[in-house]
1. How would the range A:28-181 be classified by its alpha-carbon gyration tensor: rounded, prolate or oblate, with rounded meaning a/c under 1.5 and the a/b versus b/c comparison settling the rest?
2. What average number of partner chain Cβ atoms lie no more than 10 Å from the Cβ of the residues making up A:87-93?
3. For the protein assembly as shown, just say rounded, prolate or oblate: build the C-alpha gyration tensor, square-root its eigenvalues into a ≥ b ≥ c, call rounded for a/c under 1.5, and beyond that prolate if a/b exceeds b/c, oblate if not.
4. Do any trypsin sites (Lys or Arg not before Pro) in the range A:33-118 lie in a loop, going by DSSP, with at most 11 other beta-carbon atoms within 10 Å of their beta carbon, and if so which?
5. Tell me, what HN-Hα J-couplings in whole Hz come from the Karplus equation 6.51 cos²θ - 1.76 cosθ + 1.60 at θ = phi - 60° for each residue of the range A:82-87, using x for Gly and Pro?
6. If I model a spin label as a point 7 Å beyond the Cα along the Cα-Cβ vector, how far apart are those points for residue B:88 and residue A:70 in nm?
7. Considering every residue in A:98-107, what mean count of other chain Cβ atoms within 10 Å of its Cβ is obtained?
8. Quick one: which residues, 5 or more positions from residue A:86 or on another chain, have an amide H under 5 Å from its amide H? H modelled 1.01 Å from N in the peptide plane, none for Pro or chain starts.
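What follows is calculated from the coordinates using simple rules that are stated; it is not laboratory data. What you are looking at is a predicted structure, and each value in this text was computed from that prediction instead of being measured. Note: ideal-geometry Cβ built from the backbone for every residue, glycine included; neighbour counts use all protein chains shown.
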Amino acid sequence: MWLPRPDTAPAMPADGATLIDAARVKTLLGGRTVLDGVDLQLSAGEIVTLIGPNGAGKTTLVRVVLGLLKPDSGKVWRRAGLSLGYMPQRLQLSENMPLTVDRFLRLNRAADADTFAAVVAEVAIAHLLRSPMQQLSGGEHQRVLLARALMRRPQLLVLDEPVQGVDVIGQAELYALIARIRAHYGCGVLMVSHDLHLVMANTDRVLCLNRHVCCEGHPESVQRHPAYLELFGMPVRDGLALYRHHHDHRHGVHGDVVESGDERHG
Amino acid sequence: MDDFMLRAFAAGVGVAIVAAPLGSFVVWRRMAYFGDTLAHSALLGVALGLLLDVALNLAVVLVAASIALLLLLLQTRRDLATDTLLGILAHGTLAIGLVAMAFQDSVRLDLMGYLFGDILAVTVGDLWWIWGGGGCVLLALAWVWRPLLSSTVHEELAQVEGVPVLRIRFGFMLMIAMVIAIAMKIVGVLLITSMMIIPAAAARRFSVTPEQMAAVAALMAVLAVLLGLGASWFWDTPAGPSVVVAAVLLFVSAQSLPVRR
């Protein structure tokens with residue numbers, strides 16, 4: 001894992017609550033600039049949401065913050081000894097791997113019995129512990145991944161598309177759960193989302209990313225920001241509010257939730 | 001029963017106990033084709049070993065490990081899809097190995113032995129290699145079991161949680177290279193992967209934990225060796241392929257048994 005050496009890291013930010021301070025991060029992947037001059041600060045107890053179109057570099061920024069990817073230029077400061085909880089996008093587990101939820105949660109050996117029980121209760125997955133990972137529904141799968149991240153008692157929770165493959169009602173519940181977890185543990189939360197409207201109520205700050213930071217701020221203000229409107233092409237004007245409903249999934253023949261890949265507004 | 005038959009059983013059981021648990025990881029990580037590629041490169045190792053007068057097992061391990069490293073490097077360049085790369089390396093190394101061996105008149109007769117195994121010709125020295133090398137691989141596997149399992153489930157998640165995933169991945173590849181070197185004599189380069197994958201696949205239905213699956217796979221593999229060598233003894237069939245046929249039959253019968261939940 002890459003961690004900044006003291007001599008390369010910027011001076012520690014004045015605010016003692018700061019967990020992450022990334023400055024002018026530039027990242028190239030295969031010769032293509034994926035992130036260009038991105039700044040990101042995050043403090044304890046704060047929920048920051050990254051939104052942006054596909055290919056905007058959201059996951060890349062997450063990987064930089066996690067230390068999985070070293071930026072080509074720019075600096076990433078992490079609070080010394082920062083404990084990270086990471087919730088990746090959906091697992092691609094082989095059907096041939098016999099793995100129960102309980103075992104999956106214990107793979108990292110981090111949690112003592114009390115923490116384990118508390119986290120399992122917090123995300124309400126006690127009834128799933130003996131199920132094979134491959135048989136979970138979309139929402140259950142995401143709650144289990146969230147639980148795995150929480151087992152490490154993280155100071156910073158990093159969630160990459162936490163509501164992926166979850167139906168709309170489940171999405172709202174999951175975002176509310178994340179907000180409750182923040183309140184309970186006082187951890188910082190960095191999450192990737194593709195839908196500002198669902199995440200609005202439960203986020204403190206939004207970073208609208210399209211290789212660079214297009215706009216940043218309180219969700220209400222970002223929603224009206226010209227850069228945001230240009231990026232998402234969703235005119236919301238006074239007196240002319242289109243009725244919109246969001247589908248980021250469709251249902252399979254058995255009624256299960258299937259990822260549809262693209263987002264439609266109608 | 002003759003001595004050579006006892007040595008054959010000892011060698012086959014030794015390989016089975018190592019190959020099957022490692023094969024479970026090959027199955028979980030969807031690396032069957034990768035295993036095949038390393039196995040095919042073993043023939044190149046044999047050819048080079050003969051040419052340079054190096055111990056064959058050692059040459060095979062070195063060549064397989066180099067191919068694994070080469071593949072890691074080529075993957076990072078992303079010019080070609082991994083399965084294409086594997087196809088090129090698998091058949092390229094096999095063909096180069098075959099051509100190189102054609103220059104060695106003395107081994108031309110043994111070629112079938114390298115391709116399909118020659119378990120009835122196992123020597124006491126081979127047994128030392130199989131049980132010694134196999135024991136080392138099993139110890140190493142037990143040593144890295146937890147981090148290997150964790151990075152098999154999700155490599156980046158494991159990395160965030162502090163697992164040195166690159167070292168683990170390379171160690172795993174080395175273990176596969178070792179197993180190929182010791183299993184070559186038993187089932188031959190063309191059939192080695194089957195000893196890793198088929199018992200693991202057969203064990204899947206009877207297992208609820210990864211450890212159970214690895215243990216049941218080892219049992220299945222031992223059973224396949226006993227059945228295959230038995231058949232070879234009674235009906236005079238080729239030993240290596242008979243073991244694989246027995247493994248396939250075990251897999252097929254496992255599918256008809258009720259699943260344990």
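1. Values: a/c = 1.77, a/b = 1.55, b/c = 1.14.
Prolate, because a/c is 1.5 or more and a/b exceeds b/c.
2. 3
3. Verdict is prolate for the protein assembly as shown.
4. Those satisfying the criteria are A:109.
5. 4, 9, 10, x, 10, 10
6. Reported label-point gap for residue B:88 and residue A:70 is 2.7 nm.
7. On the way: counts 13, 8, 2, 0, 1, 6, 3, 0, 1, 13.
Per residue, the average neighbour count from other chains is 5.
8. For residue A:86, whose amide H was placed from the backbone, the distant partners under 5 Å are A:158.
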